[in-house]
Amino acid sequence: MLHLLVMSPTIPPKQSKVPWWKTGVIYQIYPRSFQDSNGDGIGDLPGILSRLDYLADLGVDALWLSPINPSPMYDFGYDVSDYRGIAPEFGTLEDFQALLAEAHRRGIRILLDLVLNHTSHLHPWFVEASSRRDNPKRHWYIWHDGKPTPSGRRAPPNNWLGVFGGRAWEWHEPTGQFYLHSFLPQQPDVNWRNPELRAAMFAVMRYWLELGVDGFRLDVVNWFIKDDRWRDNPLKLFGGLRPYEWQHHLYDKDRPETLEIMREIRQIADAYGGFTVGEVFTPPPGNPELVAAYYDRGRGLHMAFNFAFTYCPWKAESFAKAIERFEKALSPDDWPNYTLSNHDQPRSFSRYGNSLPRAKVAAAMLLTLRGTPFLYYGEEIGMSNTPIPRARLQDPLGRKYWPFHPGRDPVRTPMQWSAEPKAGFSSAEPWLPVNPLYPSVNVAAQQNDPASLLHWYKALLRLRKSEPALRLGSYERLPAEQAVLCYERRLGEDRILVALNFSSTARPLHLPPEASWKVLLATPAFSGENLSGTLLLAGDGVLLLKATA
Ligand code: GLC
């Protein structure tokens, strides 16, 4: 294994000038739940390595691994205690390097999830910073005296709240100040206004890039900078379930100075040919213009996540508007991206009514749009939200708000590989229960079924690879029946038409008259050449056509 430590093979650049992250498809792995190799009920890096052939066969181009750094796991890795190490639950640095080398050998890139807005309270930086007021690392974090009160106790400096509940300010008795935590008290926010902290974080990026990683998913980048006058957030007239949702978050995130940091991050990544995608979380209904701001017209991050689809009801018009709005928000230098679900959002299969035909429509849309698709592990087999008994809840969000909010455990359950016990994920009881549907919803069963969702995903991924117009062509919406989303992707002479029926009844589809069309892919199965005039698009149906003349 030793040679792997020295050598980190990288993927040779293709002749084409288009960067891989524009043409590729990115697959998110939640490492704790993908594959356990050592029988402790927790997924790990050797487990992922053992599934690389599956991922290569599926046809994805890059893996985004949710955090793998050492962490006390209050927020399952989103609370890092050592930015340069590997969590022992997941393996060793050698295991990571072996994974990187084996992935690269298959042409698959690896993106790490960097959590740079906050550290764990057990990170040595915070341990130092909280030891004394005059510790040199004190201002690597955000401290405040608070406000005096008649009782003599101090009150928090403002009304900011933690995303996971409670105040965002925690009183630190030993040093007599509050510290800021936008998430859990065990996740103190770092101070990005401090040049030393900045340099330390940039060094972390360089460390991994030098080791050969292909880029980063950057956690909550829009929280990096806070208002320097500590102003109160205005209250909202109508909020949601959690007090956090009753504020307009004007002052605790999305401050304009953040963009300057994004530019620096971009420069560092570019120097290594690395890619960055930032999580710019915006609550429903989403805010594409704000997301676009983080691209900063080619100077900011390569991409910022577009979560618009995760908020769309199952209506053609709703998706069409989301696409149009994002396309409009981006400058011509910027590249769109789409995602149906991730480790924080309900699974798309459940959101769209636990329907296999609908899951096929959603997949066809995701994989034929202009922009980089992000897949979430298990989406390709139609994994659904798993009910979690209260006693097995792990996510701090679910533990706090259960039963009103199930938290995020339901979307983080073990990958369903087979009908074997524990779904082939582990020989031990997994850290979260396996979805009870696993005996029928699993990879092995779907590999053998040409009508399965897995086959559909593979066919779409193959098509995207073989048709340049699907990867790089323009996007133009075409007029269609109300429940039908129809668009064309065009590149030079190539024209591909995508028709998606969001209703369960058949609808007429009028083909553009200037060409005749052949079927590339369809569900339900349908084939034909020299098609013209009006076709009948089946209920919940998909037609992908190519112009032949
Ligand atoms: C991001 C992550 C989420 C995490 C939070 C705090 O939103 O996606 O899982 O809990 O940041 O790091």
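The values are calculated or read from the model by the stated rules, or taken from the named source; none is laboratory data. Computed from a predicted structure; not experimentally measured. A quick note on method: Cβ atoms are made from the backbone with ideal geometry, for glycine too, and the neighbour counts reach across all protein chains shown. Just so you know, the surface numbers come from the protein's heavy atoms only, side chains and all, with ligands and any DNA or RNA stripped out. Shrake-Rupley method; radii C 1.70, N 1.55, O 1.52, S 1.80 Å.
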In Å², what does the accessible area per residue of the chain work out to with a 1.4 Å probe?
39 Å²
Just from the alpha-carbon atoms, what are the Rg and Dmax of the chain in angstroms?
23.9, 83
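So, R0 is 56 Å and r is the distance between the beta-carbons of GLU420 and THR149; what FRET efficiency does that work out to, to 0.05? Walk me through the numbers before you get to the answer.
Working: r = 60 Å, r/R0 = 1.07.
Once rounded, the FRET efficiency stands at 0.40.
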Across the Cα atoms of the range 301-343, what radius of gyration and what greatest pairwise Cα-Cα distance (Dmax) are found, in Å?
10.8, 31
Interchain or long-range residues, amide H under 5 Å from THR276's placed H
PHE216, HIS302, MET303
What are the ³J(HN,Hα) values, in whole Hz, obtained from phi via the Karplus relation 6.51 cos²θ - 1.76 cosθ + 1.60 with θ = phi - 60°, for each residue of the range 312-326 in sequence order, with x given for Gly and Pro?
7, x, 6, 9, 3, 5, 5, 5, 4, 5, 4, 5, 4, 5, 6
At 1.4 Å probe size, what's the solvent-accessible area of LEU544? Round to the nearest 10 Å².
0 Å²
Computed FRET value (nearest 0.05) for ARG297 with GLN482, which takes r as the C-beta separation and R₀ as 30 Å:
0.25
Non-local amide H neighbours of LEU63 (under 5 Å, H modeled in plane, Pro and chain starts lacking H): which ones?
TYR27, ARG109, ILE110, LEU111
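Once the Cα gyration tensor of the range 76-181 is found, what semi-axes does its equivalent ellipsoid get, as square roots of 5 times the eigenvalues, in whole Å, sorted largest first?
Details: eigenvalues 293, 46, 19 Å².
So the equivalent ellipsoid measures 38, 15, 10 Å along its semi-axes.
Grab the alpha carbons of the range 67-122, take their convex hull, and tell me the volume per residue in Å³.
Working: hull volume 4.0 nm³, N = 56.
Here the figure is 72 Å³ per residue.
Kirkwood Rh over alpha-carbon pairs of the range 277-411, then Stokes-Einstein at 20 °C and 1.002 mPa s: what D in µm² s⁻¹, rounded to an integer?
Values: Rh = 15.8 Å.
Estimated via Stokes-Einstein, D reaches 136 µm²/s.
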Under 12 Å from the Cβ of TYR352, count the other residues' Cβ atoms, weight Lys and Arg +1, Asp and Glu -1, and hand me the total.
+3
Using θ = phi - 60° and the Karplus relation 6.51 cos²θ - 1.76 cosθ + 1.60, list the HN-Hα couplings for the range 26-36 in order, rounded to whole Hz, with x at every Gly or Pro.
10, 10, 8, 10, 9, x, 4, 10, 8, 7, 8
Beta bridges per DSSP with both ends in the chain, % antiparallel, nearest 5
65 percent
For the range 95-110, 3J(HN,Hα) per residue [Karplus equation, 6.51 cos²θ - 1.76 cosθ + 1.60, θ = phi - 60°, Hz, x = Gly/Pro]:
4, 5, 5, 5, 4, 4, 5, 5, 5, 4, 4, 8, x, 9, 8, 10
What full-extension length gain, to one decimal in nm, is calculated for GLU289 and ARG229 as 0.36 nm per residue of separation minus the Cα-Cα distance?
19.1 nm
Among 439-452, 488-501, how do they line up by average Cβ neighbours within 10 Å per residue, starting with the highest?
488-501, 439-452
Report, in listed order, any pair from LYS328/LYS458; LYS315/LYS360; LYS147/LYS226; LYS253/LYS400 with a Cα-Cα distance greater than 21 Å.
LYS328/LYS458; LYS253/LYS400
Nearest 10 degrees, 0 to 90: what angle lies between the long axis of helix 195-211 and the longest principal axis of the chain (Cα atoms)?
40 degrees
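Kirkwood Rh, Cα Rg: Rg to Rh for the range 181-338?
On the way: Rg = 16.7 Å, Rh = 17.0 Å.
Expressed as Rg/Rh, it is 0.98.
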With bins of 5 Å, the percent of all Cα-Cα pairs of the range 329-407 per bin from 0 is 3, 14, 21, 18, 15, 12, 10, 5, 2, 0, 0
Just need log10 I(q)/I(0) for the range 141-255 at q = 0.11, 0.18, 0.22 Å⁻¹, Debye formula, equal scatterers on the alpha-carbon atoms, no solvent, rounded to two decimals.
-0.44, -1.00, -1.29
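Just to be sure I understand: if I project the alpha-carbon convex hull of the range 111-156 onto a plane and average over all orientations, what area do I get in nm²? All intermediate terms of the calculation are to be shown ahead of the outcome.
On the way: hull surface 17.9 nm².
Across all orientations, the range 111-156 yields a mean hull projection of 4.5 nm².
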Cα extents of the range 216-300 along the three principal axes, largest first (Å):
46, 28, 19
Please compute the modelled spin-label separation between GLU260 and GLN394, points set 7 Å along Cα→Cβ, answer in nm with one decimal.
4.0 nm
VAL190's amide H: which non-local residues (gap 5+, or another chain) put their own amide H closer than 5 Å, with H modeled 1.01 Å from N in plane and none for Pro or chain starts?
HIS118, THR119
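Between LEU52 and TRP171, 0.36 nm times their residue separation minus their Cα-Cα distance comes to what?
Values: separation 119, 0.36 × 119 = 42.84 nm, distance 4.62 nm.
Difference between extended and current length: 38.2 nm.
Computing the accessible area with a 1.4 Å probe over protein heavy atoms, can you report the carbon and sulfur percentage for the chain? Walk me through the numbers before you get to the answer.
On the way: 11820 of 21630 Å².
Heavy-atom surface of the chain belonging to carbon and sulfur, 1.4 Å probe: 55 percent.
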